[in-house]
1. Relative contact order (percent) for the stretch 168-262, with alpha-carbon contacts under 8 angstrom and 6 or more residues of separation?
2. Fully extended, how many nm does the chain gain between Glu198 and Lys249 (0.36 nm per residue separation, minus their Cα-Cα distance)?
3. For the stretch 67-133, what's the relative contact order in percent, using C-alpha pairs closer than 8 Å and at least 6 residues apart?
4. For an R0 of 41 angstrom, estimate the FRET efficiency from the Cβ-Cβ distance between Leu90 and Ser168 and round to the nearest 0.05.
5. Calculate the FRET efficiency for Ser51 and Glu140 from the Cβ-Cβ distance with a Förster distance of 51 Å, rounded to the nearest 0.05.
6. Quick check: at a probe of 1.4 Å, how many percent of the accessible area of the stretch 118-262 sits on carbon and sulfur atoms?
7. Which links in Lys101/Lys164; Lys162/Lys249; Lys75/Lys101; Lys127/Lys162; Lys162/Lys217; Lys91/Lys209 stretch past 27 Å when you go from one Cα to the other?
8. How much length is gained on full extension from Asn257 to Ala218, taking 0.36 nm per residue of separation minus their Cα-Cα distance?
Amino acid sequence: MPNKNIKPLQDSATKSQKSKHRIAEILSFLDSLSPFELQESWDNSGLILGSPNQEFDKVYLSLEVTCEVLEQMDKDSLLITHHPLIFSPLKTLVFDHYPAKLLQLAIHKNIQLIAMHTNFDKTHFGKYIVQEILKISEFEQKDFVVYLKWHDTLESLCKLLKEKFALSWLKITKSSNPHCQNIALVTGSGGGFVRSLEAIDCLITGDIKYHEAMEAKARNLHLIDCGHYELESYFGEILLPFLTNQGYKAIILDSQNPFNFV
């Protein structure tokens, strides 16, 4: 007599196989959401580790690839990050060093890596910060830069930013400009925009350098440095609902700020 237990086992295996997703499929969806062709020439967004034909069970989202993030992940999974683990060609793979150490761990656990960096900055990041975090509804985003109006003082703007980002500090450059109405915001490291912005009273960004601050003062431009991590820690929060709506089970893993303030 046939073993009645065989059919349920086959059904279970088939169901398990169908639950897997292919990298090519999610890459296509991510490209429709935020085209990879929009990335800057120096960037490395897209598939960082893996193959379009590989399959995965779960999706994890994080700002960065870190050892702590990889250790929390299940095997045979996909990690989508904002910052690419590899920015430039690698001449060696020494597993005691960064980023080879992380690549070794990812390969060992069959974890595939995708990055959505400057393309995502241009299509989603800035406007999400302004609309959903700062709760400002009137703005315009052009590539990396979000433009908005502020109908109060520089001090009140700083107070809002500290409150919304839960910051105990801000690094600011206060120029001789008496106005603070025309505001530009660039997530991540946007100090390089000081030279190209016109008709702006204040730039909100992160990672401002000393000489960028000096140039801003000469141009009568206020600068507010909220921190790189502080402006971009929302990556998973932004991407999660898009993936959920496509039927992917996505889990946010928080990478920690590498800086401590004492």
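The values are calculated or read from the model by the stated rules, or taken from the named source; none is laboratory data. It should be emphasised that the depicted structure is a prediction, and the values quoted were computed from it without experimental measurement. Here the Cβ is made from the backbone with ideal geometry for all residues, glycine too, and neighbour counts use every protein chain on show. Ligands, DNA and RNA are stripped out before the accessible areas are found, and what is left, the full protein with its side chains, is counted by its heavy atoms. Shrake-Rupley method; radii C 1.70, N 1.55, O 1.52, S 1.80 Å.
1. On the way: 140 pairs, mean separation 26.4, N = 95.
Reported relative contact order: 28 percent.
2. Length difference between fully extended and current span is 14.0 nm.
3. Details: 54 pairs, mean separation 29.7, N = 67.
Normalised by residue count, the contact order of the stretch 67-133 is 44 percent.
4. Efficiency for this residue pair is about 0.60.
5. Details: r = 40 Å, r/R0 = 0.78.
That pair, Ser51 with Glu140, gives E of 0.80.
6. Values: 3810 of 7640 Å².
That fraction is 50 percent.
7. Over 27 Å apart, Cα to Cα: Lys101/Lys164; Lys162/Lys249; Lys91/Lys209.
8. Gain on stretching Asn257 to Ala218: 10.9 nm.
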